[in-house]
Amino acid sequence: MTRKYEELKDKDILWHMIGHLQSNKVKYIIDKVDLIHSLDRMSLAKEIQKRAEKNNVIVNTLVQVNIAEEESKFGLMGEEVIPFIESILKFDRIKIKGLMTIAPFVENPEKVRYVFRQLKGLSKDIKAKGYSNVEMKYLSMGMTNDYKVAIEEGSNMVRIGTGIFGKRKY
């Protein structure tokens, strides 16, 4: 990200950090991103808070939730989300702007509709609690293969890189 950021820093771009974020990489992005999509553990929250204080910034985040409970994916289990949010309310440099999930990859997106529906329900439950520093503005769910179903279930942020750029070449 740093190279692209330097090339385009004078442009009117809001940068998002998507994907798993290692705590030791926070220092490189803390003053560059508008939204971190993958807050999923206390150690990461502590590092974000520490670096945000040092750089005098407020950091917008999405809490990553592993609704499908896939071992291969990062994120909090559904029942862990509210206690996690409550434990980081004390961090004044972290603003939770919503939730993010990645559904299992399936040929028929209808088979993962339940994932999106459950995240939407969790979002409503959190919003009803009226926490400070917490706003359920964004529901980031849906990728190239399932974004239409995700939108039907309430997504207002989708990740469709493959649909735009094609499959990755490894």
- Item | Positive minus negative residues near residue 48 (Lys, Arg vs Asp, Glu; Cβ under 12 Å) | +4
- Message: Under 8 Å for C-alpha pairs, at least 6 residues apart: give me the relative contact order for the chain, rounded to a whole percent.
- Response: 16
- Mind checking the full-extension length gain between residue 168 and residue 107? Use 0.36 nm per residue of separation minus the Cα-Cα distance, one decimal, nm. 20.1 nm
- Would you work out if the chain is rounded, prolate or oblate? Take a ≥ b ≥ c from the square roots of the eigenvalues of the alpha-carbon gyration tensor; rounded if a/c is under 1.5, else prolate when a/b is larger than b/c, oblate otherwise. oblate
- Counted neighbours (other Cβ, 10 Å), sorted fewest up, put 116, 105 in the order 105, 116
- Item | Label point at residue 129 placed 7 Å out along Cα→Cβ; residues across region 139-170 whose backbone nitrogen lies under 18 Å | 139-140
- Modelled label-to-label distance, residue 72 and residue 86, 7 Å Cα→beta-carbon offset: nm? 3.4
- Net charge contributed by nearby residues that have their C-beta within less than 10 Å of residue 98 (K/R +1, D/E -1): +2
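Each reported figure results from applying straightforward, stated rules to the coordinates on display, with no laboratory input. Bear in mind that the values here come from a model prediction, so they are computed numbers and not experimental data. Using ideal geometry, Cβ is built from the backbone for each residue, glycine included, and neighbour counts are taken over all protein chains shown.
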